[in-house]
Amino acid sequence: MTTLIQPMLAANAAVYAIQNATAEGKITVLVLLVLSLFSWTIIITKFRQLVIARKATKKFFNAYNSTRDPLDIQRKGEEFDGAPAYQLYIRGADELAYQLKNNPVQVQASSKPNPMEHAEHTNTDFLAKSTETKVSTSSFEAVKVILEEAAGAEAMGLEKGMIVLSTAVAGGPFIGLLGTVWGVMSTFAGIAESKAATLTAMAPGVAAALVATVTGLLVAIPAMFAYNFMVTTIRAITQELDGFSSRYANQIEHVYVDHRPLAEEIRSANEVLAGRIVGAIKGNETPALAEQ
């Protein structure tokens, strides 16, 4: 019975305090309620975002670890919505595909593909040796820039809205304290004017003033716990994202970047140029023979 009476008394006390609050006190409580609304909106949406990010990232890493080809997931068209690592991956894969299409470097494969082996289980060294279309070091630098930009953008997306929680944690109690001090000041000013310094005259004003502090604490306490939990989770995801970015760039470099010695590159370029010259000469000779 006592457990039922206590909440009722607390509710009645809050109602009584708000009814006797000054205009300034009511404005303070209203501001805190608006801040609480924004705070709880961020808590719910951000918690949902982090839960989805965790689950989707786990699925993405399982898929990524099952293959040695950095472009395999993109070619299969698999999607992992909500995973920051997947967003970074797809941007890097798109840029790499663009460089392979528009700035290719043709090399002679040193290993022939084995039809008995599936691509997802192929060794990385075998892939690197059997890949004939690669990119130059300068093209790979463009891919690395995209990966860095994507990592930064995903980190900013995870931290979006956290300023509201930090404001609620730091500002909520101070706003409530401001309302309390203002209300107490108004109460004592009224008592001084009425010249009736009795507990009955002081109680309504003090109670109305204290409700601002209570409201400020009710705003700040949930925001504090949510903020600490989410900051820790976001930091873990961000570190995981940075690690994956480095690992992904390393695998791209190993498989798709041309690391031949300069002399071999020059020899290969000369062979390609010679082939084009011979083809052009043969093309010019054919019409001449046709005329004869």
- Message: Can you pull out every residue in the range 76-108 that is touching an Asp or Glu at 6+ places or on another chain (Cβ under 8 Å) and more than 30 Å from residue 234 (Cβ to Cβ)?
- Response: 105, 106, 107, 108
- Working only within the range 143-179, note down all residues that are among the aliphatic types (A, V, I, L, M) and loosely packed, with under 15 Cβ neighbours inside 10 Å. 145, 153, 156, 163, 170
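Conditions (1) at positive phi; (2) part of a helix (DSSP H, G or I); (3) at pLDDT 95 or above, marked per residue:
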site: 62; (1), (2), (3): no, yes, no
site: 69; (1), (2), (3): no, no, no
site: 75; (1), (2), (3): no, yes, no
site: 78; (1), (2), (3): no, no, no
site: 82; (1), (2), (3): yes, no, no
site: 92; (1), (2), (3): no, yes, no
site: 116; (1), (2), (3): no, no, no
- When residue 177 is evaluated against the numbered criteria (1) at pLDDT below 85; (2) of a type outside the set (Val, Ile, Thr); (3) over 33 Å from the mean Cα position of the chain (by Cα), which criterion, by number, is the only one it fails? (1)
- Selection status of residue 166, hydroxyl-bearing (Ser, Thr, Tyr) and modelled with pLDDT of 85 or more: yes
- If the Cβ limit is 7 Å and pairs must be 6+ apart or interchain, which residue in the range 185-214 that is surrounded by 11 or more Cβ atoms within 10 Å (Cβ to Cβ) pairs with which residue that is modelled with pLDDT of 65 or more and outside any helix (DSSP H, G or I)? 186/22; 208/22
- Only one of (1) out of contact with any Ser or Thr (no Cβ under 9 Å at 6 or more places or on another chain); (2) crowded, with 16+ Cβ neighbours inside 10 Å; (3) modelled with pLDDT under 90 does not apply to residue 25, and that is (1)
- Taking the range 208-252 as the search range and keeping residues that are aliphatic (A, V, I, L, M) and touching a Pro at 6+ places or on another chain (Cβ under 7 Å), which one is nearest to residue 69 (Cα to Cα)? 252
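The values are calculated or read from the model by the stated rules, or taken from the named source; none is laboratory data. In this text the structure is predicted, and so the values were computed from the model without any measurement. Using ideal geometry, Cβ is built from the backbone for each residue, glycine included, and neighbour counts are taken over all protein chains shown.
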